[in-house]
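These notes concern the structure reproduced below.
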Amino acid sequence: MAISDRKIYLASRSPRRRELLRQIGVGHELLLLREDPRRSVDVDETPRTDETPRDYVLRVATAKATAGLQVVARRAGGMIKPVLAADTTIALDDAIIGKPVDTADAARILNMLSGRSHTVITVVAMAFAERLETRISVSTVSMRALDDALIRRYIASGEPMDKAGAYAVQGRAAAFITRIEGSYSGIMGLPLAETVELLVAFDIESV
């Protein structure tokens, strides 16, 4: 197989990841895996028993990239673009904190994070032909104490839903963050330094 041009496929629904790729000048085409009826492989995002947060996010990110490559290969007839995928999770006391299932779950998660520091782990994976490479970003986020009224107002904004840890660091929740150690873009969902490392490894130009 050969790379058809210097662009890539992005196997992600996240508008933030698209914005971050545009920020560093990476041409890409969106690949929505769950909407492709020809997709024969599903990505199991359910944490496994005794799976660490790091192992979990590595497994999910690589599975997304691999599944995306399978879809692309069937579409492209041999000329394909590399597939970039990423996954982000939050770890608190070695427990995996995912996306809230509803507003009550969002309140539960935010109460857990309130007044404490947690870890944000993002893995970026790129697949092309028989090759698969990953990079990992680990950051620490400290959050001020949040009272119940503030949590209710924040949840009412709708921002916490579909966000790992029930907050968006680039949104209203920026007012909750007292300290960040690590990659701001990694906390958003796509660590740019690590992403560029992957692009260079696959001979794709960015900034």
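The values are calculated or read from the model by the stated rules, or taken from the named source; none is laboratory data. Everything quoted here is computed from the prediction, not taken from an experiment. Because the Cβ atoms are built from the backbone with ideal geometry, glycine has one as well, and the counts that use them run over all protein chains shown.
Among the numbered criteria (1) free of Cβ contacts under 8 Å to residues at least 60 places away in the same chain; (2) small (Gly, Ala, Ser); (3) in contact with an Asp or Glu (Cβ under 9 Å, 6 or more places away or on another chain); (4) part of a strand (DSSP E or B), which single criterion is violated by Ala107?
Going through the list (1) free of Cβ contacts under 8 Å to residues at least 60 places away in the same chain; (2) small (Gly, Ala, Ser); (3) in contact with an Asp or Glu (Cβ under 9 Å, 6 or more places away or on another chain); (4) part of a strand (DSSP E or B), Ala107 breaks only (4).
For the range 6-22, which positions are part of a loop (DSSP other than H, G, I, E, B), surrounded by fewer than 23 Cβ atoms within 10 Å (Cβ to Cβ) and touching a residue at least 40 places away in the same chain (Cβ under 8 Å)?
Filtering the range 6-22 for residues part of a loop (DSSP other than H, G, I, E, B) gives 6-7, 11-14.
Retained after the next criterion (residues that are surrounded by fewer than 23 Cβ atoms within 10 Å (Cβ to Cβ)): 6-7, 13-14.
Once the filter is applied, which keeps residues that are part of a loop (DSSP other than H, G, I, E, B), surrounded by fewer than 23 Cβ atoms within 10 Å (Cβ to Cβ) and touching a residue at least 40 places away in the same chain (Cβ under 8 Å), the range 6-22 yields Arg6, Lys7, Ser14.
In this structure, does Glu29 turn out to be in a loop (DSSP other than H, G, I, E, B) and either at pLDDT 90 or above or among the charged types (D, E, K, R) (or both)?
On the way: in a loop (DSSP other than H, G, I, E, B): no; either at pLDDT 90 or above or among the charged types (D, E, K, R) (or both): yes.
Taking the combined requirement at face value, the residue does not satisfy it.
Looking only at the range 159-207, filter to residues that are of a type in the set (Phe, Trp, Tyr) and under 20 Å from Val57 (Cβ atoms); which one of those is surrounded by the fewest Cβ atoms within 10 Å (Cβ to Cβ)?
Taking the candidates together, the pick is Tyr184.
Please verify whether the range 123-139 includes one or more residues that are of a type outside the set (Lys, Arg), free of Cβ contacts under 8 Å to residues at least 40 places away in the same chain, outside any strand (DSSP E or B) and over 23 Å from Gly25 (Cβ atoms).
Of the residues in the range 123-139, the ones of a type outside the set (Lys, Arg) are 123-130, 132-134, 136-139.
Narrowing further to those that are free of Cβ contacts under 8 Å to residues at least 40 places away in the same chain: 130.
Those still in the list that are outside any strand (DSSP E or B) too: 130.
Next, only the ones that are over 23 Å from Gly25 (Cβ atoms) stay: 130.
Checked against the condition, which is being of a type outside the set (Lys, Arg), free of Cβ contacts under 8 Å to residues at least 40 places away in the same chain, outside any strand (DSSP E or B) and over 23 Å from Gly25 (Cβ atoms), the range 123-139 yields at least one hit.
For residues that are of a type in the set (Asp, Glu) and surrounded by fewer than 23 Cβ atoms within 10 Å (Cβ to Cβ), scanning just the range 86-98, find the one that is modelled with the highest pLDDT.
Of the range 86-98, the ones of a type in the set (Asp, Glu) are 87, 93-94.
When the remaining residues are screened for being surrounded by fewer than 23 Cβ atoms within 10 Å (Cβ to Cβ), the result is 93-94.
Numbers: Asp93: 93, Asp94: 90.
Going through the qualifying residues, I end up with Asp93.
Among the numbered criteria (1) surrounded by 15 or more Cβ atoms within 10 Å (Cβ to Cβ); (2) without any contact (Cβ under 8 Å) to a residue 12 or more places away in the chain; (3) hydrophobic (A, V, I, L, M, F, W, C), which single criterion is violated by Val101?
Failing condition for Val101: (1).
Per-residue answers, yes or no, for (1) within 20 Å of Ser14 (Cα to Cα); (2) at pLDDT 95 or above:
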position: Ile80; (1), (2): no, no
position: Leu84; (1), (2): yes, yes
position: Val101; (1), (2): yes, yes
position: Ala104; (1), (2): no, yes
position: Val123; (1), (2): yes, yes
position: Phe128; (1), (2): no, no
position: Glu133; (1), (2): no, yes
position: Ala149; (1), (2): no, yes
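Val71 is checked against (1) buried (at least 19 other Cβ atoms within 10 Å of the Cβ); (2) modelled with pLDDT of 95 or more and fails just one. What number does that condition carry?
So the condition that Val71 fails would be (2).
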